[in-house]
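Let me begin by presenting the structure, written as structure tokens, before commenting on it.
The values are calculated or read from the model by the stated rules, or taken from the named source; none is laboratory data. These numbers were taken from a predicted model, which means no experiment stands behind them. Neighbour counts run over all protein chains shown; Cβ positions are idealised from the backbone, glycine included. The protein model used for the area step is the full one, side chains on, heavy atoms only, and it has no ligands, DNA or RNA in it. Shrake-Rupley method; radii C 1.70, N 1.55, O 1.52, S 1.80 Å.
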Amino acid sequence: MKKSQRKFKIGLDNYCLSPLQLNPMEVLQWVKKHNVEGVSFSGIEEGNQDQIDEQYLKDLRSFAECNNLYLEWGGAQHIPRDMSTWEKKDIFGLNKKVAQQAETLGVRVVRSCSGGLMRWDNNSPKTETLLMEMAKALKAQRQMLMDFNVILAIETHFEFTTFELLKIFEYCETEPGEYLGICLDTMNLLTMMENPVRATERILPWVVSTHIKDGGILLEKKGMTSFVTEIGKGIVNFREIIKGLATLPREVHLSIEDHGGYFSLPIFDPQFLSEFPDLSSGEFACLIDLAFKSKEKIDFGESQVINRKGWAKVCEERVIRDIIALRLLLKTVE
């Protein structure tokens, strides 16, 4: 295959810069200063939410258009539950407000994340229950989202596997590019016990936005640990993933999302492992292989695990290195 004719735009998810405590306009200014091509606002810091009125959104749109920056919005949810108490809640109004904001911004892609860790919580509802509730809630939002010309981009987060997300789309009787899509977080796939390349292939037609994030996975006495690392230092095969994205019939931006943190995967607990019924022996073997490769990178000092508290100290410098690394990587994709 020859080098891709598509020129991807490289941007940031604003979550990368959260330790800097920038408001949305300051994030755009930071991006312009560092010659990045856009921002995916996956969420707005609580202290900045009050200023997000219609005029502020128009100012953001004007700044982005004047500087040829792409914008993507966020703040939507797809599981109709309070994820800490598991009480049911109505998410229609929340998503409608977010969709209205996106329309004012002139943005079509809106990231949705409910932040669930239900497989790690023995008191949570069953995954199948949450899947059905989510599907019914999203099906009821179809016309509203289409009226605002918005695609709700469900992040590959810690809620559902790609196998399960495909079931959601089938239940909602929708097609790629209509009103539901995927925000492809490349590292989160590891935490959900999926090989990033294989998972991307499964969900590829639905991808409308990305969180380009590198990471690794380690095999330990208590199970596995997935972790975030800077781009090029982990084991995510971005070349294959980007080749796949280049085949899509729509423009998809590469939004870097980096942060500290690691996640425990108690794979030796039969109950936990049973929460991933679609995990094949072949894909599990791939994860073991990636664990050995991750260990080698750790041992040789190529990669390191940084906790979330340590992220503030390295945030800005590491994000700048991420930008440089992704630009270089794009040049090698053939």
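Once you have the Cα-Cα distance between N67 and Q21, take 0.36 nm times their residue separation minus that, and quote the gain in nm to one decimal.
Numbers: separation 46, 0.36 × 46 = 16.56 nm, distance 2.23 nm.
That works out to 14.3 nm of additional length.
Note that the chain presents 46 Å² accessible area per residue, ligands and nucleic acids not counted, probe 1.4 Å.
Taking the Cα centre of region 224-334 as reference, the dipole from Cβ charges on Lys and Arg (+1) and Asp and Glu (-1) amounts to some 400 debye. If only the Cβ of Lys and Arg carry +1 and only the Cβ of Asp and Glu carry -1, the dipole of region 87-239 around its Cα centre is close to 200 debye.
Take the Cα of L219, go 7 Å toward its beta carbon, and the backbone nitrogen atoms of region 274-290 under 18 Å from that spot belong to 279-290. Across the chain, the relative contact order, built from alpha-carbon pairs under 8 Å that are at least six residues apart, equals 18 percent.
Can you classify the chain as rounded, prolate or oblate using the Cα gyration tensor, where a ≥ b ≥ c are the square roots of its eigenvalues, rounded means a/c under 1.5, and otherwise it's prolate if a/b beats b/c and oblate if not? Verdict is rounded for the chain. Considering the dipole of region 184-334 built from charges on the beta carbon (Lys and Arg +1, Asp and Glu -1) around the Cα centre, which of C286, T191, F300 is farthest to its positive end? Positive-end residue among those listed: F300.
Secondary-structure-derived ellipticity at 222 nm for the chain, considering helices only, amounts to -12000 deg cm²/dmol, per-run term -39500 (n - 2.57) for DSSP H runs with n ≥ 4. Within a straight-line Cα-Cα reach of under 30 Å, K293 can be paired with the following lysines, leaving aside sequence neighbours fewer than 8 residues apart in one chain: K2, K3, K9, K213, K221, K222, K233, K243, K309, K313, K331.
Surface composition of region 149-246: carbon and sulfur make up 47 percent of the accessible area, probe 1.4 Å.
Expressed as a whole percent, the accessible area of region 36-139 that falls on carbon and sulfur atoms is 43 (1.4 Å probe). DSSP assigns beta bridges within the chain; of those with both partners inside it, close to 35 percent run antiparallel.
In this Cβ point-charge picture (+1 for Lys and Arg, -1 for Asp and Glu), the chain has a dipole of about 760 debye about its Cα centre. Scanning the chain for DSSP H helices at least 15 Å long along the axis (C-alpha atoms) with a Kyte-Doolittle mean no lower than 0.0 picks out 127-140, 281-299, 311-332. Measuring r between the beta carbons of D299 and R198 and using R0 = 30 Å, the FRET efficiency lands at 0.70.
Using 1/(1 + (r/R0)^6) with R0 = 30 angstrom and r between the beta carbons of V314 and Q49, what's the FRET efficiency to the nearest 0.05? Don't jump to the answer; show the numbers that get you there.
Working: r = 27 Å, r/R0 = 0.90.
After rounding, the FRET efficiency stands at 0.65.
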